[in-house]
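Every read-out reported here was derived from the displayed coordinates using simple, explicitly stated rules and does not represent laboratory data. These numbers were taken from a predicted model, which means no experiment stands behind them. Positions of Cβ are generated from backbone atoms using ideal geometry, with glycine treated the same way; all protein chains shown enter the neighbour counts.
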Amino acid sequence: MSMSIAEEMISRFGQVWFAPMTGVSDLPFRQCAASLGARYVATEMVASEALVSGRPDALRRAAMGEGQGAFVVQLVGFDARLMAAGAAHAAKAGAQIIDINFGCPAKSVTGIACGSALMRQPEQAEAIVRAAVEASDVPVTVKMRLGWDESSINSPELAARLEAAGARAITVHGRTRRQFYSGQANWRAVAAVKRAVRAPVIVNGDIVDAASARQALAQSGADAVMIGRGAIGRPWLASQLAAELSGASFVAPTGEALTDIARDHLARSIAFHGDRHGVLIFRKHLAAYIDVAGGGRELRARLCRMDSHQLIDRALEQLWREPERLAA
């Protein structure tokens with residue numbers, strides 16, 4: 001018996017996916033996550049027009065590299081023609097999935113009618129997906145929110161339209177655009193999307209551990225979960241949740257193992273971004289790694305003020321091997 005689309009996608013990418021996150025899911029993070037077992041880690045959001053024009057920052061966001069698992073490029077834009085060109089460009093560069101962003105709530109994005117603003121223009125959202133599907137030979141997926149606000153929840157209807165246009169999977173963040181990241185994600189509301197489509201549905205929002213993943217899956221009926229901010233400082237989290245959801249045990253890294261992961265991440269960031277920018281980009285991850293290790297606010301502030309990657313590397317080594325020296 002042949003597998004359904006949902007079964008095929010889950011078989012290929014697993015039940016725990018890492019979200020596209022601006023300033024977080026750069027190539028070094030994706031490589032670290034993949035080395036720790038993550039099978040699906042999307043790029044940062046990339047403007048299609050900038051990608052097609054070859055703008056350096058867009059090319060860096062969509063960078064392909066060895067050892068990153070599935071190469072998933074997330075595109076954002078309004079013009080269907082440019083989105084199609086971006087999808088074709090990404091596919092030619094080796095993307096295995098093109099994800100279309102209909103969920104970003106940032107004013108800089110919605111203010112130019114992109115991201116979650118397109119949930120208020122379903123005809124244009126449908127045209128974008130159809131154009132991207134026709135322009136590339138890889139699966140096109142979408143990420144959206146529940147709606148623009150509580151009075152305009154339209155994710156089920158939009159999901160059905162986008163599936164008809166060729167979308168192969170639908171990720172839904174359980175908040176409206178007006179909520180941004182406030183309040184609690186409404187996983188139960190995602191169940192209406194699951195009922196509206198045959199394509200796999202991935203639930204997103206406030207999923208940080210096995211307990212929240214199980215609850216999100218149970219309430220939404222979704223096929224998989226997508227982890228966003230919970231992955232910062234925990235690039236092993238996809239593997240951990242996948243194991244725990246299947247009933248297996250998982251020992252999260254601590255001590256020397258955690259040190260090695262953080263230092264490897266730093267080294268990759270420096271190699272990819274260069275000395276100065278590599279440190280700046282890594283700081284968000286550094287703060288989270290220290291939190292995971294229980295280092296405390298003072299220690300986090302001290303290390304995040306360092307502007308030398310050599311100093312940071314030595315401090316990370318001391319942090320768990322000689323914590324009393326660093327705490328002094």
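Taking the longest Cα principal axis of the chain as reference, the axis of helix 275-292 is set at about 90 degrees. Assuming charge only on the beta carbon of Lys and Arg (+1) and of Asp and Glu (-1), the dipole of region 37-152 about its Cα centre is about 200 debye to the nearest 20.
Just want the answer: with Cβ charges of +1 for Lys and Arg and -1 for Asp and Glu, which residue in Leu258, Ala88, Ala165 is farthest toward the dipole's positive end in the chain? Ranked along the dipole, the leading option is Ala165.
Using Cα-Cα distances under 8 Å and only pairs 6 or more residues apart, what relative contact order does the chain have, in percent?
15 percent
As an exercise, identify the GluC sites (Glu not before Pro) in region 11-97 lying in DSSP coil whose Cβ has no more than 14 other Cβ atoms within 10 Å. Filter output for region 11-97: Glu66. Every Cα-Cα pair in region 255-327 was counted, and those over 18 Å apart are 28% of them.
Shown here are the Rg and Dmax of the Cα trace of region 1-122, at 14.6, 47 Å.
Rounded to the nearest 20 debye, the dipole size of region 5-245 about its Cα centre is 300 debye, using +1 on the Cβ of Lys and Arg and -1 on the Cβ of Asp and Glu. For the listed peptides 13-20, 312-319, a ranking on the average number of other beta carbons within 10 Å per residue, highest first, reads 13-20, 312-319. Ordered by the number of other Cβ atoms lying within 10 Å of each residue's own Cβ, fewest first, Met21, Met45 fall into the sequence Met21, Met45. Projecting the Cα positions of Ala6, Leu217, Ser152 onto the charge dipole of the chain (unit charges on Cβ atoms of Lys, Arg, Asp and Glu, taken about the Cα centre) puts Ser152 furthest along the positive direction. Here the mean projected area of the convex hull built on the C-alpha positions of region 107-158 is 4.0 nm².
Relative contact order for region 1-158 using alpha-carbon pairs under 8 Å, separation at least 6, rounded to a whole percent?
This gives 18 percent for region 1-158.
Peptides 234-240, 57-63, ordered by how many other C-beta atoms sit within 10 Å of their residues on average, highest first, read 234-240, 57-63. In terms of packing, defined here as the mean over residues of other Cβ atoms within 10 angstrom, the peptides 22-31, 82-91 line up highest first as 82-91, 22-31.
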